[in-house]
Amino acid sequence: MTTAAKSESSSGRGGKGAARPTRPVYRLEIGLKPGSLDPAGLEARTNLAEAGLAGIREVQVFKTFFLRGRLGPDDVERAAREVLADPVQEVFAVRQDLELPSGPGGPMRMVTVLRKSGVTNPEAESARIALTGIGIDVRDVQSARTYLVWTKAREKDVLAAARRALGNDVIEDVVPGRVRSFTFPKPTKRRIRRRTVPIRRLEGKALVTLSFQMGLSLTKVEMEAIRDEYRDIGREPTDVELETLAQTWSEHCKHKTLAGAVEMSDERGERRFENLLKETVFHATTELDKSWCWSVFEDNAGVIDFDGEDGVCMKVETHNHPSAIEPYGGAGTGIGGVIRDILGTGKGARPVANTDVFCFGPPDMPMEDVPKGSMHPRRILRGVVAGVRDYGNRMGIPTVNGALMFDERYVGNPVVYCGCVGIIPRKDVSKKARPGDLVVAFGGKTGRDGIHGATFSSVELHSESETVSSGAVQIGDPITEKKVLDILIQARDKRLFTAVTDCGAGGFSSAVGEMGEHVGANVDVSKAPLKYEGLDAFEIWISEAQERMVAAIPPKKWPVFKELCDAEDVEAFVLGEFTGDKRLTVRHGKTVVCDLDMGFLHDGLPRITREATFTAGGDAEPTWKPRKRYDKDLLELLGMPQIGSKEWVIRQYDHEVQAGAVVRPLTGTEQGPADAAVVAPKLGSNRGIVLSNGINPAYGDIDPYAMAMAAVDEAMRNAVAVGADPARIAVLDNFTWGNCNRPSTLGTIVRACEGCRDAALLFGTPFISGKDSLNNEFRTDEGELISVPPTLLISAIGVIADVRKTCTSDLKTPGNPIYVVGLTHDELGGSHWYRRKRRVGRNAPQVREDAPAVMKAVAQTIRKRYVRAAHDPSEGGIAVAAAEMAFASDHGMHLDLRRVKGTTRENHRLLFSESTTRFLLEVDKAKAKTFEAGLKKAGVAFGKAGRVTKEPTLTIVGRDPAGGRAAHELIRIPTVKLRETWRNALHLGEEA
Amino acid sequence: MAARAKTRKRKRATKKSPTIRILVLRAPGTNCDQETGYAFEREGATVEHMHVNALLAQPKVLTRVHGLAIPGGFSYGDDLGAGTVLGTAMRTRLLEPIQRMVDKGGIVLGICNGFQVLVKTGLLPGFSAPDEPGILPGIAHETPERAVALASNIQNRYEDRWVTLKAVTDKCVFLRRGDVIHCPVAHAEGRLVCDDEVLDRMSAADQIALRYVAPDGESPVPFPYNPNGSVDDIAGITDPTGRILGLMPHPERNQFPWQDPRFHRGDAPRSPEGLLPFKNAMRHLRKTFA
């Protein structure tokens, strides 16, 4: 349906009901020249094999276009020759079958994948643009891929594997054979009428049923509040009004749990929060009151001072449920959405970096253990990475920092965090729509995409989610968003608008509702350009079609703005105006379909008090007999996918675009892991931004308070390790949790909030923005409820005065001493070393009072360039950190654990404990004395524990378990072996 | 990007030397335009940024500039194959003015997506094909043959990594034989393919400009030194005049010393290697238009 209607509305051919002669649909098949290398075929083969199809001899791919318009066979021939088929690599056939390659011989099965109607198809749209450009009048385009699979397998099995590996039922049709004909669907007529929903007479259960039937995701109490409001007004609500209320009152938009009242009880006693977030996380920020925080918790993203003239802002979003159902589209629109958050910060910020943190089920999970209705973690991972890649790279924003976590509990409900950082002039930080300003929407067209995204994100997933919620999934179109970015920055600098915001969850309803909160707005949704006809008023109003922004533009500036948009092929139109009557009026033409009081819309949500309880988790602290050697343990840790190399992911992202990369995700001659990213966002300036993160759900299984403290500490020390000034770091709190209507789950989030507050106050590090995604649960067919572990991501953003004074983690010069700064304790609880043995333990790492002093002292020694390499022990402890520093370089390291300061003396704890606030530093030999004096003066504990060796081997010695006095060798492994183990930890790539 | 429409001037251009104007083209999806323009400015050029719609409306602009840069990115999304839509538009509507600019001594630089676009226009390798009819009915200018393609990387995915390049031609004004440049590649479609006859022809005419080599200069090289499986390790080619260069890697991403991954080890050269093509080209233009 889309394709047909799409060209309809964009070609400007009006005339409803005009005689439409049936034009032929031309088929064009394009394949590689015989004998060409077919990388897409090779990849498809790997994916099919992974999906369980055995005995594949070869796979090749060809594509098919279906074209309709005012054209004849000659035009199609020319379209192929000049545009659609490459003259060097490809051959084509018009209106007949392409001659198939002979392949390796033997039986061959064909299967074709094509986009469903209504789903964005950038390839088809590009073809239409390109062909129109050379004078071929094509109106409708559809494209498809046909896979030739040489295998003896039955057609049924090939098809089943293809559905799992090559297409996704949610957005694509996967059919056997090649597709010889295609019928473009006829557009349906638009329905224009005001529809009311009787609610005033409903009670209790009937209200809940209504909420469920309409997909509103509102609770009984909320439905009652709405009913009472309409009883007062004396009429029934319209469907658009109910939808608008549901969007605005959704957990996604209102954060009603975290901003709500909570009565908490745990071992520390009982306490009450009127507004949990305000009294914990925000409270710390208010208390700290940093002058360099320009905007906190009020806009799309928090803004901090960059260089006085410009600020930097950051936001992290989740897109968990869409990514579970359609990983590629879900993750792509996740990153697309958070980029729009940055575009819509203040009067518009320019994105300069992206980050991504994902949590999935174990990549090596046996297929039979994956619950019905969810995809294998590897498939989700591949799709998510591809989605972020294709969107972020096309936007020209470097993806520079991230993390990958694995746990069985993420299998049905993966976690996808996408972050974006922008830069914004100080004068543009504030915004305010004024009465009389036009409500202008620009960017993409509106379709049925993502209807009920905001409410969908607030319910649990189940095995049928895929089919029921497919409307919530969308495919992004990054180039449209890139065009929006180009226009937005030009318009901002020409001062053409007074306010701008993004269309995210809730679409126009949220964007206009938020911008007009204090003034009121009157809009006409029939003005919105549609992807296809037939949308109801409420659908246009709440559609979450991507790549759209809303701006408040003074009428006299509208012509300039429109001209700017026209010059760069960006669609812009006046949706209505901001009024001053504090009402939200929505019309479809002349029919008023919504008339809401802004006060009720934004403040009418009933407040309820929730109960929260907490008891510490974990299991008894295991005891281990001291062992003589730990070589195997270290190799096992490096081979864990969570610790192992993420190179397969990292290299698919452009981390260099905009020419600002200083410290990249991989570092050193041999490319080991970096602690944090450093980016210089202004061409010609040496000032930089540091980006890092802290996340460790395993500690949360013991105590989310400890987890939150440790996560802030980890983010801080990662940033400090590359050279950040701890006094200029801000953090973001990003929560992904289970159902917080359960007091025990809510209790864990209360603990985490308290941890965030205390860590922020301890480090003097303000929170500037946050995100919460609750109800991350998956119900299996057997009725088992799998809740994600409490997953707090702390994202840190800091400012670095001179990027030339940064530091990387790879070892630099043999002979330099290695110091371990900070104290090591008996803190193996939640550690990777325990996890490897499937234990949790009880001693989660704590953050202590001396932490800020350690951070400050280390940062100083790095800034003064005493330090040549810095790395923080985190996952896997000192042993893994030392290994990473060594194998990133072509040198080795010798480390003596007896010199490591702390409260524990046992080798296994010194090796693998994940105590916080520690650093491994390679110090310039000539500066060692000054370095030591500096740390002593600051009162920071440290030990000179080793040296960089020329021989590329990691040697770690410790106390003799038999009680002897001499050093006892615990680990001795050539770095090449460490590196190979680390690199092969995550098997994902099909190698050419 | 704030200064996108503006023209920046660098003080380095002394009064004596001629003003060299470089047009940096931008299409929907172009995303390396700022840093590419900046590299030219560092070498003294006056840079003008322009949207392709504006240039198509006024191709005459090309008569008053000395060079055209087509930066990296994903023009029009690259959903039809990298560079196809912009390449088609340029092939049909801008070939003649570009050819005229080059005839007068002007230069064209295509980086990454810009290279893919140049290949789609036929300007690279620039073999004339007088027999091929013009694309738009009624317009019959001489259209160069599209003789090479930049196909999907052998690993069939996008890859971002630093590579070592070696200049292997005497012909190209952007390069001096033996120049070694470290800079990153970041693309999904960069594997140069052509038939043997074309390869021989380019080779005989000294049009193979840049090869991927090992960090020690060794050649030929396997993956990942050759990051995409390109035939003969080819990273860039030039046209028969030597004034058009297309390359997949991004020299503009190594224009500040701290961009070089060797920087933190203290091994990065003082003068960033990525500036070499810009320096050489500007030297040529100053000489030509003095």
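Each reported figure results from applying straightforward, stated rules to the coordinates on display, with no laboratory input. Everything numeric here is computed off the predicted structure, so don't read it as measured data. Neighbour counts run over all protein chains shown; Cβ positions are idealised from the backbone, glycine included.
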Seminar exercise, completed: Residue-ordered couplings for the range A:816-822, obtained by feeding phi - 60° into the Karplus form 6.51 cos²θ - 1.76 cosθ + 1.60 and rounding to whole Hz (Gly and Pro as x), are 5, x, 10, 10, 10, 9, x
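How would A:319, A:655 line up from fewest to most surrounding beta-carbon atoms within 10 angstrom?
Numbers: A:319 29, A:655 25.
Starting with the residue having the fewest Cβ neighbours, the order is A:655, A:319.
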Seminar exercise, completed: Given A:589-602, A:522-535, A:766-779, the highest-first ranking by average Cβ count within 10 Å works out to A:766-779, A:522-535, A:589-602
For this session: Working from Cα positions, state the angle (0 to 90°, nearest 10) between the long axis of helix A:928-937 and the longest principal axis of chain A.
Result: 90 degrees
Problem set entry | Net charge over other residues, Cβ less than 10 angstrom from the Cβ of residue B:35 (K, R count +1; D, E count -1) | -2
Seminar exercise, completed: For residue A:896, the residues 5 or more places away or on another chain with a placed amide H closer than 5 Å to its own amide H are A:946, A:957
Problem set entry | Cα-Cα over 23 Å, subset of A:646/A:977; A:290/A:856; A:278/A:682; A:482/A:582 | A:278/A:682; A:482/A:582
Seminar exercise, completed: Quick calc, the range A:807-992, dipole around Cα centre from Cβ unit charges on Lys, Arg (+) and Asp, Glu (-), nearest 20 debye, gives 640 debye
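I'd like the mean, over residues of A:475-484, of how many other protein chain beta carbons sit within 10 Å of each residue's own Cβ.
Values: counts 0, 0, 2, 3, 11, 3, 0, 7, 3, 0.
Counting other chains' Cβ atoms within 10 Å and averaging over A:475-484 gives 3.
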Problem set entry | nm² value of the averaged projected area, convex hull over the Cα atoms of the range B:21-288 | 13.4 nm²
Seminar exercise, completed: Per the helix-only model, the protein assembly as shown has a calculated mean residue ellipticity at 222 nm (DSSP H runs of ≥4, -39500 (n - 2.57) each, divided over all residues, rounded to the nearest 500) of -8500 deg cm²/dmol
For this session: May I ask what percent, to the nearest 5, of DSSP beta bridges between residues of the range B:21-288 are antiparallel?
Result: 60 percent
Exercise. Between residue A:221 and residue A:984, what FRET efficiency follows from the Cβ-Cβ distance if R0 is 56 Å, with the result rounded to 0.05?
Worked result: 0.55
Seminar exercise, completed: For the range A:408-424, Karplus-derived ³J(HN,Hα) couplings (6.51, -1.76, 1.60; θ = phi - 60°; whole Hz; x for glycine and proline) come out as 3, 6, 8, 5, x, 9, x, 10, 10, 9, 10, x, 9, 10, x, 10, 9
Problem set entry | Interchain or long-range residues, amide H under 5 Å from residue A:953's placed H | A:892, A:893, A:975
Exercise. When Cβ neighbours within 10 Å are restricted to other protein chains, what is their mean count per residue of peptide A:129-135?
Worked result: 6
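Using a ≥ b ≥ c from the Cα gyration tensor of the range A:836-992 (square roots of the eigenvalues), is it rounded, prolate or oblate, where a/c under 1.5 gives rounded and otherwise the larger of a/b and b/c decides, a/b for prolate?
Values: a/c = 1.40, a/b = 1.25, b/c = 1.12.
The shape class here is rounded.
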Seminar exercise, completed: Bridge orientation stat for chain A from DSSP, antiparallel percent rounded to 5, came to 80 percent
For this session: Once you have a ≥ b ≥ c as the square roots of the Cα gyration tensor eigenvalues for the range A:337-393, tell me rounded if a/c is under 1.5, and otherwise prolate or oblate according to whether a/b is larger than b/c.
Result: prolate
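How do A:795-802, A:780-787, B:23-30, A:909-916 rank on mean C-beta neighbours within 10 Å, highest first?
Working: A:795-802: 23.5, A:780-787: 13.0, B:23-30: 25.5, A:909-916: 27.0.
So the peptides A:795-802, A:780-787, B:23-30, A:909-916, ranked by packing, come out A:909-916, B:23-30, A:795-802, A:780-787.
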Problem set entry | Relative exposure of A:558, A:737, judged by other C-beta atoms within 10 Å (fewest first) | A:558, A:737
For this session: Taking the dipole about the Cα centre of the range A:2-176, with the C-beta of Lys and Arg at +1 and of Asp and Glu at -1, give me whichever of A:108, A:31, A:67 is farthest to the positive side.
Result: A:67
Exercise. Which trypsin sites (Lys or Arg not before Pro) in the range A:613-645 pass both tests, a DSSP loop state and at most 16 other beta-carbon atoms within 10 Å?
Worked result: A:627, A:628, A:629
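Return the average number of partner chain Cβ atoms within 10 angstrom of each residue Cβ along peptide B:35-47.
On the way: counts 6, 1, 1, 3, 2, 0, 2, 2, 0, 0, 0, 0, 0.
If you average over the peptide's residues, the count of other-chain Cβ atoms is 1.
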Seminar exercise, completed: Among A:83, A:264, A:234, the residue whose Cα sits farthest towards the positive end of the charge dipole of the protein assembly as shown (+1 at Cβ of Lys and Arg, -1 at Cβ of Asp and Glu, taken about the Cα centre) is A:83
Problem set entry | Positive dipole terminus of chain A, leading residue within A:275, A:724, A:874 (C-beta point charges) | A:724
For this session: Any chance you could give the angle, 0 to 90 degrees and rounded to 10, that helix A:704-722 forms with the longest Cα principal axis of chain A?
Result: 80 degrees
Exercise. Could you give the dipole magnitude of chain A about its Cα centre, charging the beta-carbon of Lys and Arg +1 and that of Asp and Glu -1, in debye to the nearest 20?
Worked result: 1280 debye
Exercise. Using alpha carbons only, how many degrees (0 to 90, rounded to 10) separate the axis of helix A:155-165 from the longest principal axis of chain A?
Worked result: 60 degrees
Seminar exercise, completed: Rounded to two decimals, the Debye log10 I(q)/I(0) of the protein assembly as shown (Cα scatterers, no solvent) at q = 0.05, 0.09 Å⁻¹ is -0.35, -1.20
Exercise. Which lysines does residue A:901 reach when only Cα atoms under 18 Å apart count, and residues fewer than 8 places away in its own chain are ignored?
Worked result: A:936, A:937, A:944
For this session: Once you have a ≥ b ≥ c as the square roots of the Cα gyration tensor eigenvalues for the range A:549-704, tell me rounded if a/c is under 1.5, and otherwise prolate or oblate according to whether a/b is larger than b/c.
Result: oblate
Problem set entry | A:950, A:254 arranged by Cβ crowding within 10 Å, fewest neighbours leading | A:950, A:254
Problem set entry | Mean Cβ neighbour count within 10 Å, used as a protection proxy, ranking A:700-709, A:50-59 highest first | A:700-709, A:50-59
Problem set entry | Rounded to whole Hz, the Karplus (6.51, -1.76, 1.60) HN-Hα couplings of the range A:636-652, x for glycine and proline | 5, 5, 5, x, 6, x, 5, 8, x, 4, 9, 4, 4, 7, 4, 6, 7
